[in-house]
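Below is one structure, written out as structure tokens; the observations come after it.
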Amino acid sequence: MNKVEISTEFIKLDQFLKWVAIADNGVVAKAIIADGMIKVNSEVCTMRGKKLRKGDIVEVEGVDSFEIC
């Protein structure tokens, strides 16, 4: 599991996917999320504006998992 440190209170899921280079742009991030390929804290998440906070775990189907620190 990769640890990703954020310096703000939260980061939105679509922005996070771009930041960790899972998605090249917002259109790709939106498609990945809409396809149900993302789990946040072990639950499928289809909300691209989902606020990720420290302690959350993001799993990308077939790619990797990340812990927000």
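Counting only strands (runs of 3 or more DSSP E) that sit wholly inside the chain, those with at least 2 residues that are charged (D, E, K, R) and surrounded by 11 or more Cβ atoms within 10 Å (Cβ to Cβ) are 64-68.
For PHE10, indicate whether it is free of Cβ contacts under 8 Å to residues at least 60 places away in the same chain and in contact with a strand residue (DSSP E or B) (Cβ under 6 Å, 6 or more places away or on another chain). Considered against the rule, which asks whether it is free of Cβ contacts under 8 Å to residues at least 60 places away in the same chain and in contact with a strand residue (DSSP E or B) (Cβ under 6 Å, 6 or more places away or on another chain), PHE10 comes out as yes.
Where a number appears in this text, it was derived from the coordinates with a stated rule and is not lab data. Quantities reported herein were computed from a predicted structural model and do not represent experimental measurements. So basically every Cβ, Gly included, is an ideal-geometry build from the backbone, and we count neighbours across all protein chains shown.
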